[in-house]
1. Evaluate the range 262-276: report whether one residue or more is within 22 Å of PRO106 (Cα to Cα), β-branched (Val, Ile, Thr) and open to solvent by less than 10 Å² (accessible area, probe 1.4 Å).
2. Taking the conditions exactly as written (within 26 Å of ASP270 (Cα to Cα) and over 20 Å from the mean Cα position of the chain (by Cα)), does GLY26 satisfy them or not?
3. Could you count how many residues in the range 1-25 are free of Cβ contacts under 8 Å to residues at least 60 places away in the same chain and closer than 30 Å to GLY185 by Cα?
4. What residue, among those in the range 193-207 that are farther than 14 Å from SER261 by Cβ and in contact (Cβ under 8 Å) with a residue 12 or more places away in the chain, is least open to solvent (accessible area, probe 1.4 Å)?
5. Would it be correct to say that LEU33 is open to solvent by 30 Å² or more (accessible area, probe 1.4 Å), within 12 Å of the ligand (Cβ to nearest atom) and not in a loop (DSSP other than H, G, I, E, B)?
6. Do we have any residue at all in the range 168-175 that's touching a residue at least 12 places away in the same chain (Cβ under 8 Å), under 19 Å from VAL103 (Cβ atoms) and in contact with a helix residue (DSSP H, G or I) (Cβ under 7 Å, 6 or more places away or on another chain)?
7. Out of the residues in the range 44-58 meeting the condition of being modelled with pLDDT of 95 or more and in a loop (DSSP other than H, G, I, E, B), tell me which one is surrounded by the most Cβ atoms within 10 Å (Cβ to Cβ).
8. Would you mind stating whether PHE21 is more than 15 Å from ASP83 (Cβ to Cβ) and of a type outside the set (Val, Ile, Thr)?
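The values are calculated or read from the model by the stated rules, or taken from the named source; none is laboratory data. The shown structure was predicted, so the numbers you read here are calculated from the model rather than taken from an experiment. For neighbour counting, all protein chains shown are included, and Cβ atoms are generated from backbone atoms with ideal geometry for every residue, glycine included. Side chains are part of the model used for accessible areas, which takes the heavy atoms of the whole protein and leaves out ligands, DNA and RNA. Shrake-Rupley method; radii C 1.70, N 1.55, O 1.52, S 1.80 Å.
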Amino acid sequence: MQIIHTINELNTWRKQQQIAFVPTMGNLHAGHLALVKAAKEHAEHVVVSIFVNPLQFGQGEDYSSYPRTLQEDADKLIECGVDVLFAPDVKELYPHTNQDYCVEPPALQHELCGRFRPGHFRGVATVVLKLFNIVRPDFACFGKKDYQQLAIIQGMVADLNVPVTIIPVDTGRDIDGLALSSRNGYLSPQERVIAPQLYQMLCWVRDELIAGRRDFASLQTDAMMKLNQQGWQTDYIEIRDAKTLEKANENHHDIVILAASRLSNTRLIDNLEVHI
Ligand code: PAF
């Protein structure tokens with residue numbers, strides 16, 4: 001008999017076949033396929049889930065209109081050599097009308113996107129923990145495009161001792177810089193042409209920081225004003241510590257600039273890491 005004293009040792013003992021997991025809401029694009037590629041680099045077996053999670057959508061958000069393209073998605077995953085596609089319906093994951101037990105993330109859930117999407121990160125953390133408990137992966141891949149989501153999942157996994165290693169994957173971008181997102185499909189052709197302005201604004205803030213600017217609050221305001229003058233309605237552009245996501249000051253050197261802004265009804269998010 002083995003006597004095991006640490007969680008790490010217990011996990012090592014439990015592992016027989018390694019599983020890397022990619023949770024998604026479907027409508028897969030090249031950004032998702034990059035997550036699958038990263039998953040394949042970490043484990044022999046890859047599981048992808050497709051589930052449009054009602055718990056993370058607020059009232060008036062796009063839950064019912066969110067693109068559902070299961071057959072096309074499955075074809076793409078077959079081509080990528082994915083082992084299992086887990087595509088439960090709502091009743092399978094939420095058999096009761098109420099989800100009585102939820103994961104309550106810390107205060108960060110009310111900041112940045114959380115200010116504009118109350119309850120969103122509670123819904124994300126809850127479904128991700130449920131999926132982790134169902135799939136029991138060794139690794140799980142999340143895109144850095146959803147930077148705050150990634151930070152909240154990393155915090156949840158650390159604080160609740162969830163036995164999974166989170167693999168952050170860089171944001172995939174179109175040739176003009178626009179971050180790949182299922183919601184880009186909502187953009188009209190004219191909006192698609194100007195959508196890269198969001199990324200360009202992040203690059204401008206990055207360049208100002210690299211040039212030595214440290215008045216973070218007015219830099220954020222300037223960037224928001226510039227973007228709004230181009231026809232955007234900006235929820236926030238914020239300069240934060242890349243690791244903790246606390247508001248950055250001159251003592252922080254690993255920075256992330258995060259933004260959420262709307263082109264008519266389409267809300268886009270993006271972010272850029274910078275070392276200063
Ligand atoms: O990023 C997403 O697609 C979703 O928030 C996730 C992680 C699959 C949870 O529903």
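1. No; the residues of the range 262-276 include none that is within 22 Å of PRO106 (Cα to Cα), β-branched (Val, Ile, Thr) and open to solvent by less than 10 Å² (accessible area, probe 1.4 Å).
2. No, not satisfied.
3. 1
4. Start the filter on the range 193-207 by keeping residues that are farther than 14 Å from SER261 by Cβ, which leaves 193, 203, 206-207.
Adding the requirement that they be in contact (Cβ under 8 Å) with a residue 12 or more places away in the chain leaves 203, 206.
Values: CYS203: 23, ARG206: 69 Å².
Among those that are farther than 14 Å from SER261 by Cβ and in contact (Cβ under 8 Å) with a residue 12 or more places away in the chain, it is CYS203.
5. Values: open to solvent by 30 Å² or more (accessible area, probe 1.4 Å): yes; within 12 Å of the ligand (Cβ to nearest atom): no; not in a loop (DSSP other than H, G, I, E, B): yes.
Here the answer is no, as LEU33 does not meet what is asked.
6. Looking only at the range 168-175, we keep the residues that are touching a residue at least 12 places away in the same chain (Cβ under 8 Å), and these are 168-174.
Narrowing the set further to residues that are under 19 Å from VAL103 (Cβ atoms) leaves none.
No, that holds for no residue.
7. ASN53
8. Values: more than 15 Å from ASP83 (Cβ to Cβ): no; of a type outside the set (Val, Ile, Thr): yes.
For PHE21, the condition - more than 15 Å from ASP83 (Cβ to Cβ) and of a type outside the set (Val, Ile, Thr) - is not met.
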